[in-house]
Amino acid sequence: MVVALKEISIRGDFRTTVEYLIKLLQTEDFEKNTINTGWLDTLISARLTAERPDSTLAVVCGAVYKAHEQSKRSVVEYKNGLAKGKVPPKDVLRTSFTVEIIYDKIKYKFAAMQLSPDSYALFLNGRKVEVAVRNLPDGGLLILLDGTSHTAYFREEVGATRMMVDGKTCLLEAENDPTQLLSPSPGKLVRQLVNSGDSVKAGESYAEIEVMKMYMSLTVTEDGVIHFMKQVGQSLEAGDLIGVLTLDDASRVQFAKLFEGQLPDMGPPCAVGDKVHQRFRHALRSLQLILDGYENVGQLKPSIAALVETMRDADLPFLDFQEVFSTVSGRIPHSLHEQLERILGGSRKRSTGEAIEFPAAALRKLLEDYPKESHMKLADLPVYRNHIAPLSEVIERHAGGLAGHERAVVNDLLDRFIDTEKPFCRSDDEKVILDIRERHKNDVDYVIGVVLSHSNIATKTALVLSLLNHVQHHTPQPFDNSYVSSLRRLAQLRGRGHIDVALRAREILIHSQLPAYDERMEQTEKILVNATTVNVYGGGVEFRLPALDSIRDLIRTHHLVFDVLPNFFSPPSEYACLAALEVYVRRAYNAYHVISLRHRLAEKPLVVDWLFVLKNRAVAPNGGQTKRVASISDLGYLVPAKSNVPRHGAMGACASLEEVPALLLRLLRVFKERQRDEEEEKESANVINIALKVPESSPADDATWVSQFGEIVDRFREDLSSCHVRRATFLIFRSGQFPGFFTFREQDGYREDRTIRHVEPALAYQLELSRLSNFNLEPVTVKDRQLHIYFGVGKENPSDVRFFVRAMVRTGRLREGISPEDYLISESDRLLNDVLDNLEVASSIRKNSDCNHLFVNFIPAFVLTVAQIKSALSDFIQRHGKKLWRLRITGAEVRLAIQSHADAHPIPIRCIISNVSGYVLRMDTYTETLNGKGVRVLQSINPGSPGAMHMKPVSTPHPTKELLQPRRYKAHLMGTTYVYDFPELFSQAV
């Protein structure tokens, strides 16, 4: 009987005694038949109640019910708004809810997050519980919790929610509010026992209502003054407000105690298998739900990691096929079943370490040929094709191997994002939503799905950026063109929320079309070999010293060379090694005139030495070796103005740190031989360059290298001084990376010059460090060798502290189809993100900096117009303006050379941007030209409105703070504007 009663479920307006009967039948007295006529009265007086569900289960089920109801109400509200031809506010459709329930006088405050249409994550006091729900046809919920299922039914009552879980009933109370006098059930107010405005005592009746021909008295729970809101004779619904009670002592009201404990650890609502294909599907489903607009931020990185790991597991296609195969094996011919198993078994048998390859082609051929080979009847073909359709689908999915399947999955996720977001690029969101509603009149749920997905654009963007990072850095090289279509569609997105994704996609497209590192290695090797070999009549090849005409292209090119060139500094070919060293020297010293260069082949290690002098300062270094126009006004930072005596340089390369001392001695002997030949001493102006190839396992931190090179320099300090070596530069390089540079100067006692760390000293003029002469500089260590950050303190005004950020941008040769404007936008955006990240870290250590300055020098020349540059920079400032201002970057300069066409003479352009007040942005554009005195100056492109630097020398130092700047900075810290900036602010607004 107990079992039968437990299977009975009666739900209605009135409760039944079923649960109480179950409790009675399970008592010990009933089981032993020791009951009497007073037995039931005894149990009632002992307050025997029906069994209630476990408190944790009740609380979790109640919380997920409340969250589920809020979700449904938000969808209904949005649909009602669309039905009226209006677009409801964005916050109507929500996936995050706050849920408060009271159970046994304890309040539980949950934060609920909707993970999918039928699953939620509940957060309570730092503990997370995942719950899945399914709507039952009879109005209940099937709740999946910790791997088990529970049926639950809910009924809203006055001031409470009655919940039945697995046949056990409990009550979820609302917060106690004795000031609200509510009707407990439907009925009619028949009499007011006190007058409005009278004082009443706790427990005193204040009114009577008629319920089903019976009178029910209503009482107050606290002392106070009553004010009726309903009149006698009015009909009442359950929960209607009858009156309001003004409490005599509000402190007597007792509220539920807040739960401060922890829920027990619970697993996922449904078990997730640990096999590869099961984990793959779970990770893919998590990412798809994020793209559908559901909250699942915490699972973003783990899901991507799990997806990539499982996609590259060789067992994935086999397990995927085997799962489907097991479901259809009973419906396909036995002979076909055996042949399929034979093919799968043969592929899985392999020796240890041998790669597996899913036999998609063999399986496809078997399924296609089987009807013909088995002489199948035409009437049976439709049934056969229907049975093998699931198998064919799996085979096609994995036909391209693991790499093909990975590309298809990633492209599908990217396309899912694009298909939803593309309509929102055309106009404002409201118009787009109404257009979608018009096209899908009969499918409002589709419209709701699109809006929900778009509302979570921030999380979706983070997911897509992670996928793009995977595409660029974690896919096999060369770049896979199967991603190009999706990347181009992403790059075409123009919505405000799509800027980061579009820029990242454009950056990947550009870099994918740049020559790969291996390709540039091959090109460089071919040039060096051709320069050092000659074909001999009758066959064979003879080596020769490098021919300058053959390596001139490498010397003159505007594009990146120094990352591949050091790979050829060491044999196998000694002559190619000398050619590589010559290219390095002539390319690095293009601002100088290399008088002569000698290859020293007779003795190992191989070295080159050269004589050089500074070119005429009134002429940009665009003759001889390169067409590039560059400012050389700051070369005085490296070479004294009076120095017009030829200087001597020597360079060699070695393969280990142990070989460096021997190479250094070899280079010093070269200087001594030169001194003997010339029979006179020159001033200390000689330079040494030592290139060291280091393995991947070698220490990567700069401090270790400085210490090791410093010890070597200290050991040979006297020899360096006697040979008049002004500086010794150590170049370290790893394959695939840009070299690092450490320079030790004689003027500093042969200590490292940190201001030009990771810069070839002969090219340091490109950083324009002489313009920082008004400040004492302290270099800030950053990992990115493209960036150079200096912390400056004013020499005359020590309170003037600021950061100067210098960056040199190099690139490989741009192939056809890459727009220089797109490259400029992409590279600037990537560079600025790196600058802001590094500056944010530096600012947290050295606080109170103001008027920080950014200088970017693009080394190659671009076919661009000034209008394109200004447009790109304006967009660039609009995207990052707030963060630039937050990091107090009030000034920036961008220098680049532009051409009207590929063979035109490059024209140096400099854009100077300032925003001192924070509200008025000024952008001035200049060309670099020579004035009548032969000094390189800045000339405004718009002569009608010249900029502040018009006709001033390029080498003009950065000024220290003006008098008002400290007060302006103080006003900004207070969140206001300095009073003297208001006139300029008003003029900008007008």
Subset of segment 132-158 (residues that are on the phi > 0 side of the Ramachandran plot and without any contact (Cβ under 8 Å) to a residue 40 or more places away in the chain): GLY139
Per-region count, segment 498-521, residues among the small types (Gly, Ala, Ser) and at pLDDT below 80: 2
Residue within segment 809-822 that is at pLDDT 85 or above and buried (at least 17 other Cβ atoms within 10 Å of the Cβ) present: no
Scan of segment 249-280 for residues that are within 30 Å of ASP313 (Cα to Cα) and among the polar types (S, T, N, Q), ordered by number: GLN278
Residue that is farthest from the chain's Cα centre (by Cα) [pool: residues in segment 389-447 that are polar (S, T, N, Q) and modelled with pLDDT under 90]: ASN442
Whichever residue in segment 719-736 is in contact with a Pro (Cβ under 8 Å, 6 or more places away or on another chain) and in contact (Cβ under 8 Å) with a residue 60 or more places away in the chain and, among such residues, is nearest to LEU763 (Cα to Cα): LEU731
Pair list, Cβ under 7 Å, 6 or more apart: segment 886-899 residue on the phi < 0 side of the Ramachandran plot and assigned to a loop (DSSP other than H, G, I, E, B), other residue surrounded by fewer than 22 Cβ atoms within 10 Å (Cβ to Cβ) and among the acidic types (Asp, Glu): LEU887/GLU840
Residue tally, condition touching a Lys or Arg at 6+ places or on another chain (Cβ under 8 Å) and at pLDDT 70 or above, over segment 3-59: 4
Enumeration of residues in segment 900-930 that are in a strand (DSSP E or B) and closer than 29 Å to LYS847 by Cα: CYS911, ILE912, ILE913, SER914, ARG922, MET923
Odd one out for ARG666, checked against (1) at pLDDT below 90; (2) out of contact with any helix residue (DSSP H, G or I) (no Cβ under 9 Å at 6 or more places or on another chain); (3) more than 28 Å from LEU772 (Cα to Cα): (1)
Which listed residue is more than 25 Å from GLN472 (Cα to Cα) and not polar (S, T, N, Q), from ILE825, ILE889: ILE889
Residue tally, condition surrounded by fewer than 17 Cβ atoms within 10 Å (Cβ to Cβ) and within 18 Å of GLY159 (Cβ to Cβ), over segment 185-202: 3
Single residue of LEU263, LEU258, LEU319, LEU287 found to be modelled with pLDDT of 90 or more, over 30 Å from LEU381 (Cβ atoms) and not assigned by TED's automatic domain parsing to the domain that holds ASP223: LEU287
Qualifying residues in segment 709-725 (those that are in contact with a Phe, Trp or Tyr (Cβ under 6 Å, 6 or more places away or on another chain) and not in a loop (DSSP other than H, G, I, E, B)) - the one farthest from PHE741 (Cα to Cα): ARG717
Qualifying residue in segment 849-863 (condition: assigned to a helix (DSSP H, G or I) and modelled with pLDDT of 80 or more): no
Candidate set from segment 868-926 (those that are among the aromatic types (Phe, Trp, Tyr) and in contact with a Gly (Cβ under 8 Å, 6 or more places away or on another chain)); member that is modelled with the highest pLDDT: TYR926
From ALA728, ALA762, residue being outside any helix (DSSP H, G or I) and over 20 Å from PHE791 (Cα atoms): ALA728
Enumeration of residues in segment 831-852 that are touching a helix residue (DSSP H, G or I) at 6+ places or on another chain (Cβ under 9 Å) and crowded, with 17+ Cβ neighbours inside 10 Å: LEU832, LEU836, SER849, ASP850, CYS851, ASN852
All positions within segment 632-659 that are at pLDDT below 50 and in a loop (DSSP other than H, G, I, E, B): ILE632, SER633, ASP634, LEU638, VAL639, PRO640, ALA641, LYS642, SER643
Pair list, Cβ < 9 Å and 6+ apart or interchain, from segment 427-438 residues that are exposed (fewer than 13 other Cβ atoms within 10 Å of the Cβ) to residues that are part of a helix (DSSP H, G or I): SER427/ASP435
Any hit, segment 572-585, residues being farther than 18 Å from VAL529 by Cβ and either touching a strand residue (DSSP E or B) at 6+ places or on another chain (Cβ under 9 Å) or in contact (Cβ under 8 Å) with a residue 12 or more places away in the chain (or both): yes
Filter pass, ARG426 being closer than 30 Å to PRO89 by Cα and in contact with an Asp or Glu (Cβ under 9 Å, 6 or more places away or on another chain): yes
Filter result for ARG587 (at pLDDT 75 or above, under 30 Å from PRO957 (Cβ atoms), buried (at least 18 other Cβ atoms within 10 Å of the Cβ) and among the charged types (D, E, K, R)): yes
Residue in segment 265-321 that is nearest to GLY126 (Cα to Cα), counting only those that are of a type in the set (Phe, Trp, Tyr) and out of contact with any Lys or Arg (no Cβ under 9 Å at 6 or more places or on another chain): TYR294
Pairs where the first residue, in segment 764-791, is in contact (Cβ under 8 Å) with a residue 60 or more places away in the chain and within 20 Å of ALA703 (Cβ to Cβ) and the second is assigned to a helix (DSSP H, G or I) and among the charged types (D, E, K, R), C-beta under 7 Å, 6+ apart: THR781/ASP702
Segment 485-506 - residue that is under 20 Å from ALA458 (Cα atoms) and of a type in the set (D, E, K, R) and, of those, surrounded by the fewest Cβ atoms within 10 Å (Cβ to Cβ): ARG496
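The values are calculated or read from the model by the stated rules, or taken from the named source; none is laboratory data. Quick caveat, the model's predicted, so the values are computed rather than measured. Because the Cβ atoms are built from the backbone with ideal geometry, glycine has one as well, and the counts that use them run over all protein chains shown.
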